[in-house]
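Every read-out reported here was derived from the displayed coordinates using simple, explicitly stated rules and does not represent laboratory data. What you see is a predicted model; the values in this text were computed from it and never measured. A quick note on method: Cβ atoms are made from the backbone with ideal geometry, for glycine too, and the neighbour counts reach across all protein chains shown.
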């Protein structure tokens, strides 16, 4: 099986190889090979030369093309999702609210760690902050969560 990860995520290949569910599979990630060192810009250029469109989520600024939603993603990724795909983000916020009602607990996917205290931060609250312009997330901190591997 070929994995679409590059040298910046070689740790994910090693982690996948160690997982029991991949036993018996040969995992390859050609972009992790030292001989395949390419920057993201190199890869985008290669796609352009080949006439292959860059996948939508990459164009929107996500770290991976499967980052449309992940419970392991942080505030910056969820804020980006809200800014770029608000309908999808609101759907996930509704699902989170539904889970909170079903559990009867003050739980959330995200955490607010401001002021030295940790409390649940709902997706709906994060969305309100983004709209109000008080989004305190680091826009440069959009990284893949690594949950798939």
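For the chain, the longest principal axis of the Cα atoms and the long axis of helix 40-50 meet at an angle of about 60 degrees.
Please work out the Kirkwood hydrodynamic radius for the chain, using every pair of different C-alpha atoms, and report it in angstroms with one decimal place.
Working: mean 1/r = 0.0570 Å⁻¹.
Averaging 1/r across every pair of different Cα atoms and inverting gives 17.5 Å.
The calculated FRET efficiency for the pair residue 119 and residue 66, based on their C-beta separation and a Förster distance of 22 Å, comes to about 0.15. Angle of helix 86-103 to the longest C-alpha principal axis of the chain, folded into 0 to 90 degrees and rounded to 10: 60°. Sorted largest first, the spans of the alpha carbon positions of the stretch 7-54 along the three principal axes are 38, 19, 15 Å. Axis of helix 75-84 versus longest Cα principal axis of the chain: the two differ by about 90°, to the nearest ten degrees.
Multiplying the residue separation of residue 41 and residue 11 by 0.36 nm and subtracting their alpha-carbon distance yields 8.7 nm. In angstrom, the C-alpha Rg and Dmax of the stretch 25-76 are 13.6, 35. If R0 is 25 Å, the Cβ-Cβ spacing of residue 23 and residue 2 corresponds to a FRET efficiency of close to 0.90. Neighbour counts of C-beta atoms inside 10 Å place 107, 130, 49 in the sequence 49, 107, 130, starting with the fewest.
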